C-alpha cells in the first residue's frame, strides 16, 4: 500500500507548507499539489494524481475540503475511489477508509450519494410540474452533461440568493456559457424568468 498526498490552496498567495509537512509526516513519499479554488472543476495535478493511483493506494489529505468545496464534488470523488479500490485518509477529520470504521464511512457516503440523486430527481420533477402548470413544455435540456446535472441544485441555490451576477456564478462552477447556465437552472427547476427580473442590477 502506497500513501500519496494531495495538497491544495485557493490562491497563489497562500502557502502549502503546513499541508506538505503534515503529509510528509504521515509517510507520503509523493505529494501532488494545486493552487486553485476548490469550486473549480479543473485541478491539473489532481487529475494527474487520479491517473497515477493504483488499487490499494491511499490518498492522504490535510482536510476533506482540500478535495472539493461541495458535497457533490466529494461524493463523486469517493465513488470514483471506491471503484478504483483506492483508500482515503483525512488527517484533520481522523477519517481512514483502510479501517473498519473507514469502510462504514465509504458506505455512508454511497448512501448520501443516492440521497443526493433522489433530491435532484425530486427537484427536477417538481420543476417540470411547475413548468407544465405555467404552460411550458418540460424535459431535460439537450447537451447537459452529468457534471452539470449534479451541480444543478447548488447552482440554483446560489442563483436564487441573488447576491452574485450570472458571470460570477459561471466562473464559480466552471460553466462555459450563459445559455448553459440557464439550461442548468431549468434542469434544477428554477424560475429563471421570474428571478431574472430581480437581477437586473447584478446580471452582466
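Read-outs throughout are calculated quantities, based only on the coordinates presented, and are distinct from any laboratory measurement. It should be emphasised that the depicted structure is a prediction, and the values quoted were computed from it without experimental measurement. Backbone-built Cβ (ideal geometry, glycine too); neighbour counts: all protein chains shown.
Among 22-28, 4-10, the peptide with the highest mean count of other Cβ atoms within 10 Å heads the list, and the full ranking is 4-10, 22-28. Each label was represented as a point 7 Å from its Cα along the Cα-to-Cβ direction; for residue 161 and residue 174 these points are 2.0 nm apart. Taken over the C-alpha atoms, the stretch 3-98 has Rg and Dmax values of 12.2, 35 angstrom. When DSSP beta bridges are restricted to pairs lying wholly in the stretch 3-98, around 15% turn out antiparallel.
Highest mean first, the peptides 49-57, 146-154 sorted by other C-beta atoms within 10 Å per residue fall in the order 146-154, 49-57.
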